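The structure appears below as structure tokens.
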2 protein chains.
Amino acid sequence: MSAELASLMAGTVDVLPAGGLEAKLRRAAAEGRPLRVKLGLDPTAPAVTLGWGVVLGKLRAFQEAGHTAVLIVGDYTARVGDPSGRSRTRPMLSPEQIAANEAEYLRQFSTFLDLERVELRHNSEWLAELGTAGLLELAARATVARLLERDDFGQRFAAGTPISLQELLYPLLQGWDSVAVRADVEIGGTDQRFNLLLGRDLQEQEGQEPQVVMTHELLVGTDGVRKMSQSLGNYVGLLDPPDEAYGKTMSVPDAAMPQWLRLASGLPPPAVARVLDGLADGSLPPVEAKRTLALAVTTRLHGAAEAEAARRRFDQVHRARAVPDDVVEVVLPTGDPVHLPSLLVDVLDVGSTSEARRLIAGGAVRVDGDPVTALDMPRRDLVGRVLQRGRRAFVRLSEDRG
Amino acid sequence: MSAELASLMAGTVDVLPAGGLEAKLRRAAAEGRPLRVKLGLDPTAPAVTLGWGVVLGKLRAFQEAGHTAVLIVGDYTARVGDPSGRSRTRPMLSPEQIAANEAEYLRQFSTFLDLERVELRHNSEWLAELGTAGLLELAARATVARLLERDDFGQRFAAGTPISLQELLYPLLQGWDSVAVRADVEIGGTDQRFNLLLGRDLQEQEGQEPQVVMTHELLVGTDGVRKMSQSLGNYVGLLDPPDEAYGKTMSVPDAAMPQWLRLASGLPPPAVARVLDGLADGSLPPVEAKRTLALAVTTRLHGAAEAEAARRRFDQVHRARAVPDDVVEVVLPTGDPVHLPSLLVDVLDVGSTSEARRLIAGGAVRVDGDPVTALDMPRRDLVGRVLQRGRRAFVRLSEDRG
């Protein structure tokens with residue numbers, strides 16, 4: 001396998017038909033023309049998750065190999081929506097919302113993709129002119145039984161969950177997009193396998209050479225269980241600030257780490273293998289592997305400097321929150337509320353109450369790890385708690401039981 | 001029940017919702033406006049069968065009661081057809097074929113309907129402008145499960161017979177026709193029940209008062225088994241010449257007679273009841289009942305005089321063909337071929353061979369009931385057969401075994 005082919009095949013689950021990509025690449029090289037590589041997006045929600053990174057990375061790999069990335073915005077289908085209101089996954093959107101979503105998508109995609117070299121298309125270009133007759137003719141191309149073979153349709157049908165006829169038409173429209181742009185390759189997640197294959201059928205019926213279908217693993221969310229998605233809230237957004245991206249990644253369960261390292265870290269395969277090996281033989285503690293992952297993810301979104309800074313801040317906060325085992329216990333002076341600057345002078349060796357005030361204002365004073373801002377605090381909020389100054393000085397406050 | 005209501009309810013299987021027709025009639029009378037009564041036709045085949053007589057008769061009853069017959073020609077849907085070629089029931093038609101079929105339909109409908117007072121509409125008027133978006137929105141109005149409740153779809157789905165998505169869309173388009181013409185009532189066969197009810201749903205969603213649905217029994221074909229249809233060949237056509245209409249009706253199995261008398265004879269209910277009673281108590285032989293039916297059907301299509309003539313001709317032929325039980329057997333003279341004029345002189349008392357030639361030329365000479373035209377016939381075509389002159393003179397020809 002050539003290095004180019006290897007990089008293009010990386011991370012795929014299905015490449016159909018077998019040998020199809022090699023043949024297309026050979027032919028393109030012989031004819032001196034780039035392949036047209038299609039990726040579709042529905043501008044139905046404003047934010048993009050790290051899950052997109054998988055296919056966007058692949059699209060960039062094609063770009064880097066000199067091929068044409070054809071990005072298709074489903075503006076027409078988003079506009080139609082589902083007026084029955086039965087489907088929550090297909091709200092009806094105004095043209096303004098769609099345009100805004102599209103702009104937001106592209107802004108976020110630019111993290112991963114050279115948009116200057118992308119062929120940007122909108123399916124309103126060809127779907128509007130299809131018309132009643134064209135859509136009816138398209139609807140004759142697929143049978144109900146065939147469409148119910150798609151996993152999610154089949155499961156919903158079996159479970160008695162309503163499936164509108166409109167939903168059954170969408171795969172055909174998506175396939176028609178492939179005909180309209182004469183796609184050589186279409187990339188997507190494994191959940192798109194059926195739709196991508198339908199595109200092949202339609203191209204063949206229209207006398208085109210059918211596209212090669214490349215599906216990719218779906219990135220699991222920060223819950224480690226379900227597909228990463230905006231609606232489930234288990235996602236890292238491409239626009240999440242560095243601290244958020246780093247922190248969310250640190251919250252991913254250990255079991256999901258290997259997949260995140262492969263799909264989301266952006267690390268080269270040998271580096272990923274080293275981390276996975278270290279985890280497997282126990283030489284690398286999971287928390288260290290996760291720090292590597294979080295740094296890599298944040299670097300991908302914000303660059304090395306921002307990521308490094310995010311890591312430092314994360315460590316500060318989390319180490320600062322770590323209370324030593326051997327905390328000295330001190331008795332709270334009488335009075336309620338308690339005057340915090342005086343307390344700091346009394347029990348944590350602060351030079352003066354005015355210095356104590358400065359420390360409080362600067363967030364360097366914490367109770368049970370949370371920075372405090374008030375100068376006077378009720379006794380009940382202090383009894384039994386750990387008072388902390390900066391990163392190193394701790395005392396536990398107790399009631400005088402004498 | 002008023003006389004008008006009784007005549008409008010006659011022969012219906014379902015009138016939905018219960019009491020709906022009465023309410024519509026009352027309202028129409030109060031508002032001094034006629035009801036809009038929809039009947040749809042697909043101009044996909046050139047000839048119309050007697051089966052149409054049932055709903056056309058009903059539409060005329062509405063006309064006679066002062067209501068508006070709205071005849072909808074499915075020209076748009078006929079034009080789309082099924083380009084996959086998978087469905088034999090939906091061939092793709094050229095605009096010329098569709099126009100020709102429509103003209104033919106109307107010519108034939110004029111037997112039953114006052115076309116001058118019909119509001120003739122074409123669904124291309126509103127379906128073309130629906131467009132991709134409109135059709136997608138319409139497709140959101142029905143679920144797959146709901147459409148598979150339609151008997152034929154359900155059976156085909158269960159049997160694994162392909163159903164294209166296009167076919168599932170047709171009931172919605174047909175329902176949309178009801179919205180477009182603001183139908184108060186739609187009439188059809190029982191096989192249209194589902195589609196007619198879907199029209200109600202769409203009207204309701206569009207803020208219209210939903211139509212009353214009236215379904216009618218389907219006339220069984222001349223085979224007495226399956227629905228009368230052109231494609232099955234088991235039909236009487238509205239344009240069949242009198243002899244053919246009469247003869248085909250005489251071929252209907254006895255078991256189907258009661259239904260034909262009710263649905264196809266055009267006889268008033270008391271006359272139908274008399275025939276059915278006679279059949280039930282044995283006072284009327286089935287063949288006589290069938291002659292009454294055949295005369296009534298032919299009268300409906302061609303008027304009393306033509307029907308009476310057809311009956312006479314039918315009787316002549318069939319009585320002429322009837323060979324008596326006691327036919328005399330005569331021995332064929334030697335020689336091969338046999339000279340027919342001489343044979344007629346020898347065995348059937350014809351005066352001369354020239355008279356015999358005239359009889360042959362006039363079709364008055366038959367062998368086993370079929371008129372002969374040749375003067376010389378091979379012996380093997382005569383041995384064992386009945387030679388007949390006119391209506392009354394018969395001999396059976398045998399070989400001399402002496």
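Specify whether the C-alpha gyration tensor of segment B:225-315 places it in the rounded, prolate or oblate class, a ≥ b ≥ c being the square roots of the eigenvalues: rounded for a/c under 1.5, otherwise prolate if a/b is larger than b/c and oblate if not.
oblate
Using the Kirkwood formula over every pair of different C-alpha atoms, what hydrodynamic radius in Å results for segment A:302-402?
Evaluated over segment A:302-402, this radius sits at 14.4 Å.
Suppose every Lys and Arg Cβ carries +1 and every Asp and Glu Cβ carries -1, with no other charges. What dipole size does the protein assembly as shown come out with about its Cα centre, to the nearest 20 debye?
Dipole of the protein assembly as shown, to the nearest 20 debye: 280 debye.
Take the Cα coordinates of segment A:234-282, assign each an equal point scatterer, and use the Debye formula without solvent to give log10 I(q)/I(0) at q = 0.14 Å⁻¹.
Those come out to -0.38, one per q.
Based on the Cα atoms of chain B, what semi-axes does the equivalent ellipsoid have, where each is the square root of 5 times one gyration tensor eigenvalue, given in whole Å with the largest first?
Semi-axes from the Cα gyration tensor: 54, 25, 18 Å.
Say R0 is 41 Å: what FRET efficiency, to the nearest 0.05, do B:SER342 and B:GLU308 get from their beta-carbon distance?
0.50
For B:ASP381 and A:MET9, what does the FRET efficiency come to when R0 = 60 Å and r is the distance between their Cβ atoms, rounded to the nearest 0.05?
Efficiency, from the Cβ-Cβ distance: 0.15.
Give me a comma-separated list of calculated 3J(HN,Hα) values for segment B:245-261, in order, Karplus coefficients 6.51, -1.76, 1.60 applied at θ = phi - 60°, integers in Hz, x for any Gly or Pro.
Once rounded to whole Hz, the list reads 4, 5, x, 4, 5, 5, 8, 5, x, 3, 4, 8, 4, x, 5, 4, 4.
Which distances, in nm and shortest first, link the A:GLU96 label point to the same label point in every other copy, taking 7 Å along Cα→Cβ?
Spacings between copies for this position, smallest first, are 5.3 nm.
For the protein assembly as shown, build the charge dipole from Cβ charges (+1 Lys, Arg; -1 Asp, Glu) around the Cα centre, then report which of B:GLY224, A:VAL179, A:PHE394 sits farthest towards its positive end.
Ranked along the dipole, the leading option is B:GLY224.
Using only DSSP helix segments of four residues or longer, with each worth -39500 (n - 2.57), what per-residue ellipticity at 222 nm results for the protein assembly as shown after dividing by its residue count and rounding to 500?
Theoretical 222 nm ellipticity from helices: -14500 deg cm²/dmol.
If one computes P(r) from the Cα atoms of the protein assembly as shown, what percent of pairs lie at distances over 34 Å?
69
How big is the Cα convex hull of segment A:168-212 in projection, averaged over all directions, in nm²?
2.8
Shortest first and in nm to one decimal, what separations exist between A:GLY154 and its copies in the other chains, measuring from label points 7 Å along the Cα-to-beta-carbon line?
2.4
With +1 assigned to the C-beta of every Lys and Arg and -1 to the C-beta of every Asp and Glu, and no other charges, what is the dipole magnitude of segment B:150-264 about the Cα centre in debye, to the nearest 20?
Taking the Cα centre of segment B:150-264 as origin, the dipole is about 240 debye.
At A:GLY369, label 7 Å along Cα→Cβ: distances to the other copies, nm, ascending?
10.3
Consider all pairwise Cα distances in segment B:338-395 and report the whole-number % of them above 14 Å.
Roughly 46 percent, rounded to a whole number.
Ratio to report: Rg/Rh of segment B:63-197, with Cα atoms as the point set and Rh obtained by the Kirkwood method; give two decimals.
Rounded to two decimals, Rg over Rh is 0.97.
Give me the dipole magnitude in Debye, nearest 20, for chain A about the Cα centre, with unit charges on the beta carbon: positive for Lys and Arg, negative for Asp and Glu.
With only Lys, Arg, Asp and Glu charged at Cβ, the dipole is about 360 debye.
Considering only chain A, what is the antiparallel percent among its DSSP beta bridges, to the nearest 5?
Antiparallel: roughly 45 percent of the beta bridges in chain A.
From the Cα trace of segment A:121-235, what convex hull volume per residue do you get, rounded to a whole Å³?
Measuring per residue, one finds 126 Å³ for the Cα hull of segment A:121-235.
Every read-out reported here was derived from the displayed coordinates using simple, explicitly stated rules and does not represent laboratory data. Just so we're clear, the structure is a prediction, and the values are computed from it rather than from any experiment. With ideal geometry, Cβ positions are generated from the backbone for all residues, glycine too; neighbour counts draw on all protein chains shown.
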